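Just below is one structure, and these are the notes that go with it.
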Amino acid sequence: MEAGKQRFRKMRFRKMRFKKDLLCRCAVFILCCLPVLSGCASGEGASTGGKDAVSEKEQGSRQKDDGQGNDGQDQTGAKGSESETLGDFSMQDVAGETYTQDMFADYELTLVNVFTTWCTPCIREIPELEKLHREMADQGVQVAGIVLDAAGQSGETDEEAVKKAKLLAEKAEVTYPFLIPDAGYLNGRLAGISAVPETFFVDKEGNIVGETYSGSRSYDDWKSIVEKELSEAAQ
């Protein structure tokens, strides 16, 4: 009888320990999933061998996170100390139209949003950016999207990603371009991007200005950021 009670106690103890271990593992899993709430790691192969063209120090100085970034935590990044010029380039959008550095000339500020077709926060942000593109055009602001996964490691076009991007544009009734990275990865600016969406600003001269932002945002958040960047650019 006593032996039976001891076996019962041991079984009960093991069951309680199993439940405790299971809860701990679930907690760890949830914490690991937090980074994808507003951004996605771009993953291996998302950018070309040009990754080495951008050092970790340079990449870190370009990124800005205000609570909606890839790690879901409050972070701030310093503004780049040096201006950066995109230079000459030629890229096609998913509809086959060609765009060059001249695309910036008619606008005071261009918001360049780098995203992938498999990133859920990126996709959810597209309608917000389309609204921004339409409503801030009279203030000299436009939006341009770059579909990072539309170009493979060797610079070839990924037709499947282009097809997905076209469907996304149609669904959200997007009027701004979805650009396919060129072989030079926009003169190296897109190289080394490890998380999407990533957004930066370009002035009418083709210079990267202001701060770089990681993570998705709402229309109201982007409107406030754009107004700040416009104000600083005018100084």
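The values are calculated or read from the model by the stated rules, or taken from the named source; none is laboratory data. Worth saying up front: this structure is predicted, and the values here are computed from it rather than measured. Glycine gets a Cβ as well: all are built from the backbone with ideal geometry, and neighbour counts include every protein chain shown. To get the accessible areas, we keep the full protein, side chains included, count just its heavy atoms, and leave off ligands, DNA and RNA. Shrake-Rupley method; radii C 1.70, N 1.55, O 1.52, S 1.80 Å.
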Rounded to the nearest 10 Å², what accessible area does Ser194 show when all protein chains are kept and the probe is 1.4 Å?
60 Å²
Which loop-located GluC sites (Glu not before Pro) does the range 85-139 contain, where loop means any DSSP state but H, G, I, E or B and the Cβ has at most 12 other Cβ atoms within 10 Å?
Glu97
Work out the P(r) tail for the range 76-204: percent of alpha carbon pairs separated by more than 24 Å, whole number.
24 percent
Check the range 134-231 and count each lysine pair with an alpha-carbon distance under 23 angstrom, considering only pairs eight or more places apart or from different chains.
4
Grab the other residues whose beta carbon is less than 14 angstrom from that of Ala183, score K and R as +1, D and E as -1, and report the net.
-3
Order Glu229, Glu170, Glu156, most accessible first, counting only protein heavy atoms with a 1.4 angstrom probe.
Glu170, Glu156, Glu229
According to the square roots a ≥ b ≥ c of the eigenvalues of the Cα gyration tensor, what is the shape class of the range 130-210, taking rounded for a/c under 1.5, prolate for a/b larger than b/c otherwise, and oblate for the remainder?
oblate
Scattering from the C-alpha atoms of the range 178-235 alone, worked out with Debye: what is log10 I(q)/I(0) at q = 0.14, 0.15, 0.16 1/Å?
-0.47, -0.54, -0.61
